[in-house]
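Undergrad: Submitted below is the structure of interest, expressed as structure tokens.
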Amino acid sequence: MKTIRVCIGSNDNGQNIAKSHLGDTEAFYIYDIVENLGNEFAQKRINNAKDMGHAKEDKMRAIIGLLEDVDIFVAYQKSSNFKRIAKTTKYQPVVVKANKISDILLILNRSFQEIYSYVNRRKNGEYFDTIPVYDKGTK
């Protein structure tokens, strides 16, 4: 069974994605998306790197340390660190232009095959600068 572990940052107890950069959010909400079966909430993790300097590599490393078991990082907007993560790590950054986390999970489910292909390439050691952008119209 194909599964993707997803991290979404939120500042309102996991109802909506934070409009700020992922690293600036209060907490990370972790979900497992299983191909053709939907998603399941795994856990909430407090972002203890939130107050580190914006767009700094040490902040990026601290956040990756909190999220090392995750496959994709989801944010509302691209950041310098998202671009750096795409080019240099095993993690796939994804931008989703939707507010509610429930809507974001539906969009990710609909885009499962494409996202899984990116994740699989990264698991095989390939790094590339692709950061897909999805919205409610994504099929």
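Undergrad: Among the residues of the range 6-21, is any in a loop (DSSP other than H, G, I, E, B) and at positive phi?
TA: Yes; the residues of the range 6-21 include at least one that is in a loop (DSSP other than H, G, I, E, B) and at positive phi.
Undergrad: Condition check: among the polar types (S, T, N, Q) and under 18 Å from Tyr31 (Cβ atoms). Does Gln92 satisfy that? Steps first, answer last, please.
TA: On the way: among the polar types (S, T, N, Q): yes; under 18 Å from Tyr31 (Cβ atoms): yes.
So Gln92 fits the description; yes.
Quick note: the coordinates plus some simple rules give every number you see, no bench work behind them. Only a predicted model underlies this, so the values are computations on that prediction, with no experimental measurement involved. Neighbour counts run over all protein chains shown; Cβ positions are idealised from the backbone, glycine included.
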